[in-house]
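See below for the structure under consideration.
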Amino acid sequence: KHTIAEWHAVCALKESAEAYKKMTNTAFLKSSASGDNFTGSASEQVSFGKYLKKFQAGELRPVEKKRARETKFKALADKLVEYIRLRGRLYQQDKCGIAYPVLQKKLLQWKDLES
């Protein structure tokens with residue numbers, strides 16, 4: 001229902017003002033201070049507690065996603081994006097595109113090199 005950026009903004013607001021710090025999480029979510037998007041439902045209270053702990057630990061980043069998913073292949077994905085951007089720049093010079101099977105082959109090669 002809410003994006004992680006919205007949770008981040010509400011957590012930052014709760015932590016910023018002394019008056020909000022003294023409020024319970026339930027009272028804060030039900031108040032107008034948390035905004036119109038938050039009603040203070042039981043589900044939101046549980047989620048808010050979880051996100052507030054992450055915010056206080058410095059692990060919550062404001063991204064426009066509903067879920068923050070960790071991927072097993074982050075390094076490979078970053079390398080692939082870098083390669084596609086490089087091919088995009090080179091395409092302007094040599095007009096030679098890239099096919100999906102070539103990308104597959106590259107990823108398998110990079111995976112084998114990492115393991």
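The residues of the stretch 27-66 that are under 16 Å from SER16 (Cβ atoms) and in contact with a Phe, Trp or Tyr (Cβ under 7 Å, 6 or more places away or on another chain), listed by number, are PHE28, LEU29, ALA33, SER34, TYR51, LEU60. Screening LEU76 against (1) open to solvent by less than 70 Å² (accessible area, probe 1.4 Å); (2) more than 15 Å from the chain's Cα centre (by Cα); (3) at positive phi leaves a single unmet condition, (3).
Among the residues of the stretch 3-46, those identified as closer than 20 Å to LYS65 by Cβ, open to solvent by 20 Å² or more (accessible area, probe 1.4 Å) and either part of a loop (DSSP other than H, G, I, E, B) or of a type in the set (Lys, Arg) (or both) are THR3, GLY35, ASN37. Checking each residue in the stretch 95-115 for being within 28 Å of the chain's Cα centre (by Cα) and among the basic types (Lys, Arg) picks out LYS106, LYS111. Annotation: ARG85 fulfils all but one of (1) under 30 Å from HIS8 (Cα atoms); (2) part of a helix (DSSP H, G or I); the unmet one is (1).
Answer yes if at least one residue in the stretch 30-43 is touching a residue at least 12 places away in the same chain (Cβ under 8 Å) and among the acidic types (Asp, Glu), and no otherwise. The answer is no, given that none of the residues of the stretch 30-43 is touching a residue at least 12 places away in the same chain (Cβ under 8 Å) and among the acidic types (Asp, Glu). Of note, LEU90 satisfies the criterion of being open to solvent by less than 60 Å² (accessible area, probe 1.4 Å), outside any loop (DSSP other than H, G, I, E, B) and among the hydrophobic types (A, V, I, L, M, F, W, C). The single residue among GLU59, GLU64 that is open to solvent by 90 Å² or more (accessible area, probe 1.4 Å), in contact with a helix residue (DSSP H, G or I) (Cβ under 7 Å, 6 or more places away or on another chain) and under 30 Å from LEU13 (Cβ atoms) turns out to be GLU64.
The values are calculated or read from the model by the stated rules, or taken from the named source; none is laboratory data. Just so it is clear, the structure is predicted and the values come from calculations on it, not from any experiment. Neighbour counts are summed over all protein chains in view; Cβ atoms, including those assigned to glycine, are modelled from backbone coordinates with ideal geometry. Only protein heavy atoms, including side chains, enter the accessible area calculation; ligands, DNA and RNA are left aside. Shrake-Rupley method; radii C 1.70, N 1.55, O 1.52, S 1.80 Å.
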